[in-house]
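The values are calculated or read from the model by the stated rules, or taken from the named source; none is laboratory data. Just so you know, these numbers come straight off a predicted model, no measurement behind them. Because the Cβ atoms are built from the backbone with ideal geometry, glycine has one as well, and the counts that use them run over all protein chains shown.
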Amino acid sequence: MSIPEINIEDFSYELPPDRIAQHPLPERDSSRLLCSIDGAIKEDLFRNLAGYIPEGSMMVFNDTRVIRARMIFQKPTGTHIEIFCLEPVGPTCEINHAFQQHGPVVWRCLIGNAKRWKHGILEKRIDISGSGVTLQIDKKSESDQGTFLVVFSWDQPEMTFGELLEGSGRIPLPPYISREDDATDILRYQTIYALQDGSVAAPTAGLHFTAEVMNSLRTRNILREQVTLHVGLGTFKPVSVSHLSEHVMHEEPIIVTARTIRHLINHLPKPVITVGTTSVRTLESLYWMGVSLIRKPGSALKKTGQWDPYNQTDKHEIQVSEALQALLNLMQQQGVDELTTSTCLLIVPGYRFRIIHGMITNFHQPGSTLLMLIAAFLGEKWKEVYQHALANGFRFLSYGDSCLFLR
């Protein structure tokens, strides 16, 4: 299939500002749940989710953990400069290793008030676990996308950069939450199963889960697997072009264990239900990576490009089990237990899902690539779902209510 001709305006809807949830509910699982199962819409509470998941299904969670990516510095003049860490550049680009660095590091960052910081080193004194440390930043080159390379250095080499971020950074709430972060967000803008540091935005579909909900899933013999996709700021990047073919999708790191891939192979074709669009993109990317290895024997693993599914010319359909086995074979050859790569996969109407049978997700912004992914799964039904939610008082976006889509 070729790259779809899609008009962004077809994925717009009116979202009143007062429908954007500014705070989490007192209890995670008290959020509302809108179910669309084979086209039929039903309402419930999230704590009753297990009753809608087919017994024996596999659910796949994204175990990424949100880092405290925002830091505030002050110039001698009193001007505040905000640094938003996006991704490591040096001495390593590998996110887990970047957090373990004990010396200077370089990160790609957004800078608030950048025009007021033309040159010079800024510093701040912070206290971490009773130890004082001076953190310095130096602004380097600017990219054509408005990001900067920033060098971070500090005077206590026994501390890692991850410890500095955790001790001095702030929770990176999305821009549509029009308030400063507070103590509640430290817990609530994080899933209860978060493990792997690296996201600058929460995989928000997972924010509704509690230990009680997890237990209720286990009682229905629902299997649980975890993948990692570190959510980048591109998640919130609006589509600023009229036609999708001009949009550049953001790249995000993914990590999947051999164990999870084996379990997927053994489980299919029974239902696989993802928690969040990040898990959707991770699993579907695995398929296209395996396809690439099969169609180009001896080739190295490559990241999934945004148009890979739409540029296929070979009419032979490769089975999911074949594609996933190709990944396992490569990992065995390389002697690794984890597949560490990245994806730019863009899922839009016309895409045919290979692995997933359903998803849990929140309500997404108008004109976003995430909404297009929903439309790819639901078809035109997405409009009815969103109209129902707007007409019936559902809360939208990160701290909002939840959806379950099954077919």
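When R281, R295, R259 are checked against the criterion of being among the basic types (K, R) and within 30 Å of L173 (Cβ to Cβ), R281 stands alone in meeting it. Just so you know, in segment 349-399 the residues that are in a strand (DSSP E or B) and of a type in the set (A, V, I, L, M) include one that is nearest to P16 (Cα to Cα), and it is I360. The residues on offer are P26, P54, and the sole one that is part of a loop (DSSP other than H, G, I, E, B) and under 24 Å from K270 (Cβ atoms) is P54. Per the listing S2, S36, the residue uniquely of a type outside the set (D, E), modelled with pLDDT of 95 or more and over 30 Å from C109 (Cα atoms) is S36. Tell me, please, whether a residue that is part of a loop (DSSP other than H, G, I, E, B), under 22 Å from E225 (Cβ atoms) and in the same structural domain as P54 (by TED's automatic domain parsing) can be found in segment 321-341. The answer is yes, given that some residue of segment 321-341 is part of a loop (DSSP other than H, G, I, E, B), under 22 Å from E225 (Cβ atoms) and in the same structural domain as P54 (by TED's automatic domain parsing).
With respect to the stated conditions, S240 fails to be surrounded by fewer than 22 Cβ atoms within 10 Å (Cβ to Cβ), under 20 Å from H316 (Cβ atoms) and hydroxyl-bearing (S, T, Y). If you check T257 against the conditions, is it more than 16 Å from the chain's Cα centre (by Cα), of a type in the set (S, T, N, Q) and in the same structural domain as C35 (by TED's automatic domain parsing)? Yes; evaluated as a whole, the condition is true for this residue.
Residue-by-condition table, conditions (1) among the aromatic types (F, W, Y); (2) in contact with a His (Cβ under 6 Å, 6 or more places away or on another chain); (3) not assigned by TED's automatic domain parsing to the domain that holds L397:
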| residue | (1), (2), (3) |
| --- | --- |
| D127 | no, no, yes |
| V133 | no, no, yes |
| E142 | no, no, yes |
| W154 | yes, no, yes |
| E180 | no, no, yes |
| A202 | no, no, no |
| A205 | no, no, no |
| V213 | no, no, no |
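The single condition among (1) in a loop (DSSP other than H, G, I, E, B); (2) crowded, with 17+ Cβ neighbours inside 10 Å that T313 does not meet is (2). One residue is enough: does segment 133-150 have a residue meeting the conditions more than 31 Å from the chain's Cα centre (by Cα) and surrounded by 13 or more Cβ atoms within 10 Å (Cβ to Cβ)? Yes, segment 133-150 contains a residue that is more than 31 Å from the chain's Cα centre (by Cα) and surrounded by 13 or more Cβ atoms within 10 Å (Cβ to Cβ). Are there any pairs with C-beta distances below 8 angstrom linking a residue in segment 189-206 that is charged (D, E, K, R) to a residue that is in a helix (DSSP H, G or I), with the two at least 6 apart or on different chains, and if so which? The qualifying pairs are D197/I95; D197/N96; D197/F99; D197/G162.
Every test in (1) at pLDDT 95 or above; (2) under 30 Å from E158 (Cα atoms) is passed by L110 save one, and that test is (1).
In segment 365-394, what residues are farther than 18 Å from K42 by Cβ and either free of Cβ contacts under 8 Å to residues at least 24 places away in the same chain or within 21 Å of the chain's Cα centre (by Cα) (or both)? Those that are farther than 18 Å from K42 by Cβ and either free of Cβ contacts under 8 Å to residues at least 24 places away in the same chain or within 21 Å of the chain's Cα centre (by Cα) (or both): Q365, P366, G367, S368, T369, L370, L371, M372, L373, A375, A376, E380.
Is one or more of the residues making up segment 60-68 among the hydroxyl-bearing types (S, T, Y) and not in a loop (DSSP other than H, G, I, E, B)? Yes, there is a match, as at least one residue in segment 60-68 is among the hydroxyl-bearing types (S, T, Y) and not in a loop (DSSP other than H, G, I, E, B). Can you tell me which residue among R32, R68, R108 is surrounded by 13 or more Cβ atoms within 10 Å (Cβ to Cβ), under 25 Å from V239 (Cα atoms), touching a strand residue (DSSP E or B) at 6+ places or on another chain (Cβ under 8 Å) and touching a residue at least 40 places away in the same chain (Cβ under 8 Å)? One residue alone meets the criteria, R108. The set of residues in segment 154-196 that are among the small types (G, A, S) and buried (at least 16 other Cβ atoms within 10 Å of the Cβ) comprises G162, G167, S168, G169, A194.
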